[in-house]
Every structure is written in structure tokens, then in C-alpha cells.
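FYI, it's all coordinate maths here, none of it is from the lab. These numbers come from a predicted model, not from an experiment. Backbone-built Cβ (ideal geometry, glycine too); neighbour counts: all protein chains shown.
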């Protein structure tokens, strides 16, 4: 891995802090960003963890402007531009370019099943049309399609495609990805599968994009610092801690349920309200009490 890359390190896919009337919680954005920057972490807004598929254009725009206002000088800001409509992604990227975003990420459109050629053409057309560097985002859990590595490798040669964020849960795919791209100066790999963070870093990934970083960014900051110092024992120690925190809000839950649980635990830390955008809904009070107690068991 080259250490002089602009796009590297810990990038947290930020939740979208909402008020009870489903508007952007401006104070929440400030608190969340301050928490990231305290641990030298880059924010990535409007991704899967940010419930982007459920947000109106107005809410996305309000979040983008709040993020730009709270961006720390000299840091990198990422934003998701995924949409089933190509032109919407292009237009939102233009707005991002005017609001301090450095690079954008996009999944495949997720309504129609696409063949390899269609996948490649979509990302090529998007990369050609937007004014910011593009990160390919592979997440079969939501798009129900896996972008083949050979397609990504072809796309990696495009001058405006700078990296891939891969959230597919396949260790074989991870190791093949690192073999393909770990020595590339012009293209990066980021892992969005927190359970394999240590393996990815030590194997040559350029960084991590863990949702648990919303709740405990210090874990991943410590993991990254230990990795840069070749302290692999500490890297694996932080992996174990990451697993514990992730299990609290993810175990036995759907993705949507886990996003509410994550916000609930963040509320306990004074960062935001536990409000999710419909169609997501909060779970019951018994689950709420269980989650809070589980967090206390780890932190006390």
C-alpha cells in the first residue's frame, strides 16, 4: 500500500442525524463531525448507513450543506450519490462539488438486474459526466448484485475512478482484490466489512469504512495507528473490540433494525436522536433497554 495517497485511512459512513419531524439535526451533524475529527477520521455522508435511499433531495441537500459547514480544514469529505437515475447522480455530484466534497461514491442502480457490460458502461458514463473523483461502491446486500472483480479492474483504469469500497462478505474476494490493487498508486481499495478490518489492512487495503465508527471511532483510529506502526498485535486487539461493539447493534437484526439500534446507542453518547427515516421504524422498549445495557457492559 502506498502511504502518500489522498484517499486512505479510516472513513466512517456517517448516520444521518434527524429531528423528530424528519429534518436534518444540525447540532447532531456538528457533534458527529467533531467526534470524527477528534480521532482523525474522515466522514462519508449519504451512504447506506446514512439511509440515503430513504432521504428526499431536500434532506440530502441540507445534510450536504451542514457537512460542508462543519468540514475541518485540510481533511477529506466523501458523499454518496447513488440513485436509480443517472442524471440525478450527476446533478447531485455537481452540488457536492460546490459544497466541499472531495470524492463521491456510487452503487449500481438497484432495480434492474444488470450484466457485466451494463455495469461497466454505467460506471464509465457516470465517471465521464461528474466533476469529482468516483469511488465504486459494491454492496450486494442492498443492490442484490455483485460487481465482478474483473469489471472493477477494467473500471480502475478510468482516469476519474479512484477506488472501490467493497462491502461484500467474502474473504476469498477480499484477498483477490488486494492482490489486484494493493500495489496500485492510482487506484485504492477500501473495505466496508468491519469483521475483516485487520485482515484487510495487513493485506494491503488503503483503509476501512466501518459503520461502527459512528459509535466508537477511537477503535478504528487506534487500529489505523497501530497498523502504520506495524504493531499487528494491537491491530488484532482493536479488531476484537470492533467485533464486540458491532455485535451489540447488529447481531440478529436486519440492516434497517441495526441502523435504528446504532442511532439509539449514539443517543446514549449524546450524539444524535434515535430517529430513523420511514420505512425504517424503532424497535420496542425491551430491545431498547437490552441495547443500552449491552453497551454499558462493554464500556464499564
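Taking all Cα pairs closer than 8 Å and separated by 6 or more residues, the relative contact order of the chain comes to 19 percent. Working from the Cα coordinates of the chain, the gyration tensor eigenvalues give, after taking √(5λ), semi-axes of 27, 23, 18 Å in decreasing order. Taking other Cβ atoms within 10 Å as a rough exposure proxy, 173, 185 sort from fewest to most as 185, 173.
Could you put 166, 25, 125 in order, starting from the residue whose Cβ has the fewest other Cβ atoms within 10 Å? Walk me through the numbers on the way to the answer.
On the way: 166 27, 25 20, 125 13.
Going from sparsest to densest Cβ surroundings: 125, 25, 166.
Full extension of the chain between residue 23 and residue 186 gives 54.8 nm of extra length, using 0.36 nm per residue less the Cα-Cα distance. Simple spin-label estimate for residue 293 and residue 268 gives 1.1 nm between the two label positions (7 Å along the Cα-to-Cβ direction from each Cα).
When the chain is fully extended, how far beyond the present Cα-Cα distance does residue 54 get from residue 202, taking 0.36 nm per residue of separation?
Values: separation 148, 0.36 × 148 = 53.28 nm, distance 3.53 nm.
So the extension gain works out to 49.7 nm.
Compute the relative contact order of the range 63-189 as a whole-number percentage, counting only Cα pairs closer than 8 Å that sit 6 or more residues apart in sequence.
Values: 182 pairs, mean separation 25.6, N = 127.
In percent, rounded to a whole number, it is 20.
What is the calculated FRET efficiency for residue 115 to residue 243, with r their C-beta to C-beta distance and R₀ = 35 Å, to the nearest 0.05? My answer for the efficiency is 0.45.
What FRET efficiency comes out for residue 84 versus residue 150 if R0 is 22 angstrom and r is the Cβ-Cβ distance? Round to the nearest 0.05.
Numbers: r = 24 Å, r/R0 = 1.11.
The value I calculate is 0.35.
For the pair the range 178-218 and the range 41-109, the centres of their Cα atoms are 21 angstrom apart. Going 7 Å from the Cα of residue 6 in the Cα-to-Cβ direction, what parts of the range 117-150 have a backbone nitrogen less than 11 Å from that spot? Answer for this model: 132-134. When both the range 110-140 and the range 246-300 are represented by their alpha-carbon centers, they are found 32 Å apart. The translational diffusion coefficient of the range 122-268, from Stokes-Einstein at 20 °C and 1.002 mPa s with a Kirkwood hydrodynamic radius over alpha carbon pairs, comes to 132 µm²/s. Shape summary: the range 6-100 maps onto an equivalent ellipsoid whose semi-axes, from the alpha-carbon gyration tensor, are 20, 16, 12 Å in decreasing order.
For residue 231 and residue 300, FRET efficiency with R0 = 41 Å and r from the beta-carbon atoms, rounded to 0.05? Mind showing how you got there, number by number?
Values: r = 27 Å, r/R0 = 0.65.
Calculated transfer efficiency: 0.95.
Count the DSSP beta bridges whose two residues both fall in the range 9-229, then state the antiparallel fraction as a percent rounded to the nearest 5.
Values: 1 of 25 bridges.
Around 5 percent antiparallel, to the nearest 5.
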